[in-house]
Amino acid sequence: MADFSHQTVLLQEAVDLLQPGAGKVIIDGTLGGGGHSEALAARGATVIGVDRDPVALSAARARLAGYPNFSARQGNFGDVLEVCEDVLPVDGVLVDLGVSSPQLDVAERGFSFQKDGPLDMRMGDTGRTAAELIAEEDESELVRVLREYGEEPFARPIARELKRALPTRTLEAAEVVKRAVPRKAWPSKIHVATRTFQALRMAVNRELESLDSLLESLPSLLKVGGRAAVIAFHSLEDRKVKEAFRGLVGACRCPPGLPVCACGGQGDFALLTRKAIAPSDEEIATNPRARSAHLRVVEKVR
Ligand SMILES: C[S@@+](CC[C@H](N)C(=O)[O-])C[C@H]1O[C@@H](n2cnc3c(N)ncnc32)[C@H](O)[C@@H]1O
């Protein structure tokens, strides 16, 4: 726990756009190490941190113990309407998607193909592990997961080999991938198991489902003037955010069946980031994990 260090991505950019201040309530749906929460709380907002990982929660509670305007709860941001029911609607919500560095780096969490550990990959303490998912799903579902979430060109042979070997350790799973992909087709810049591990992690944690649910809840989550900021690292996630925001901004609210639109197609939200905000070169130089980050922000305007 003492060693829970995660370098916060797009800190200034996200915090500035959320306009924290005294009297505002902001939900940080991915509390992690508490980097964003600390900056929001330091600027006077009441911050409620949510994370599904109990280890992250205790680390962030310790880091932010000096802020009476900060509190934390365990939960899934996809269930934020229930988890934070007592404080809604709020002035802001932030999610900084994916895993934290400590989750990736601790072998026992089972996310790393470079360190041996149980093939777990759960961010929280409930649900199926990656080893259980491989054992329980059929081959065609594993192919879908690897293709869709990992964009893995060798999804079929890898899924077949995973079902045959049923790995229970991370290094064993990495060996399975190495066997399934012809040596000459191994990617040059990333480990051959990178895409498989990412895809399994996203399936184990139902990451896209949580994001969909959060995006759907934005209209009831935010006050008028409230803002939502999402930092995505995966193109599938960023696309979902972009499309959902576009829908909120330009959604037609006419009752179904009207022959022509009578509401002018105006939604209740305005886009504050026409193009996604990316980290500066300086940030990427000090934190290579930031390189694929995209920040998008919307405001509820009516
Ligand atoms: C990238 S880290 C957040 C880092 C944080 N912004 C900081 O500055 O320290 C992502 C965190 O979100 C959590 N998380 C991911 N998906 C979640 C979900 N659906 N519900 C709740 N927490 C989630 C992970 O457990 C992890 O701690």
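Observations on the model:
- Efficiency of FRET from Cβ geometry, Arg291 and Lys223, R₀ 45 Å, rounded to 0.05: 0.85
- A straight Cα-to-Cα reach below 18 Å connects Lys223 with the lysines Lys24, Lys300, residues fewer than 8 places away in its own chain not being considered.
- Subset of Lys115/Lys240; Lys184/Lys242; Lys115/Lys163; Lys178/Lys240; Lys178/Lys242 violating a 28 Å alpha-carbon distance limit: Lys115/Lys240; Lys184/Lys242; Lys178/Lys240; Lys178/Lys242
- Seen against the Cα atoms of the chain and their longest principal axis, helix 170-180 is set at about 70 degrees.
- Note, ³J(HN,Hα) from phi for region 79-88, Karplus 6.51, -1.76, 1.60, rounded to Hz, x at Gly and Pro: 9, 4, 5, 8, 4, 10, 3, 5, 10, 7
- Placing R0 at 51 angstrom, the Cβ-Cβ distance between Ser280 and Arg73 gives a FRET efficiency of 0.95 after rounding to 0.05.
- Residue-span extension gain [Arg164 to Leu88] - 0.36 nm each, minus C-alpha spacing: 22.5 nm
- Relative to the longest principal axis of the Cα atoms of the chain, the long axis of helix 207-221 makes an angle of roughly 10 degrees.
- Charge tally around Leu104: other residues with Cβ under 11 Å, Lys/Arg +1 each, Asp/Glu -1 each, net +3.
- The distance between label points at Gln266 and Glu108 comes to 5.6 nm (points 7 Å beyond Cα on the Cα→Cβ vector).
- Our compactness index for the chain, the C-alpha radius of gyration over the empirical 2.2 N^0.38 Å, is 1.05.
- With both labels modelled 7 Å from their Cα along Cα-to-Cβ, the Lys189 to Glu151 distance reads 1.1 nm.
- In this structure the amide hydrogen of Phe111, modeled in the peptide plane, comes within under 5 Å of the amide hydrogens of Met121, none closer than 5 places in sequence on its chain.
- Under 5 Å from the amide H of Ala72 lie the amide H atoms of Gly49, each residue being 5 or more positions distant or on a separate chain, with H modelled from the backbone and absent for Pro and chain starts.
- The chain - share of DSSP beta bridges that are antiparallel (%, nearest 5): 40 percent
- Taking the charge dipole of the chain about its Cα centre, with +1 at Lys and Arg Cβ atoms and -1 at Asp and Glu Cβ atoms, the residue from Ser5, Ser213, Val298 reaching farthest to the positive side is Val298.
- Ordering of 55-67, 7-19 by packing [mean C-beta count within 10 Å, highest first]: 7-19, 55-67
- FRET efficiency estimate (nearest 0.05) - Cβ-Cβ, Leu81 to Ser5, R0 25 angstrom: 0.20
- With the highest mean first, a sort of the peptides 260-266, 171-177, 78-84 on other beta-carbon atoms found within 10 angstrom per residue produces 171-177, 78-84, 260-266.
- For the chain, the longest principal axis of the Cα atoms and the long axis of helix 139-150 meet at an angle of about 50 degrees.
Each reported figure results from applying straightforward, stated rules to the coordinates on display, with no laboratory input. Everything numeric in this text was worked out from a predicted model, so none of it was measured. No Cβ is skipped: glycine too gets one built from the backbone with ideal geometry, and neighbour counts run over all protein chains shown.
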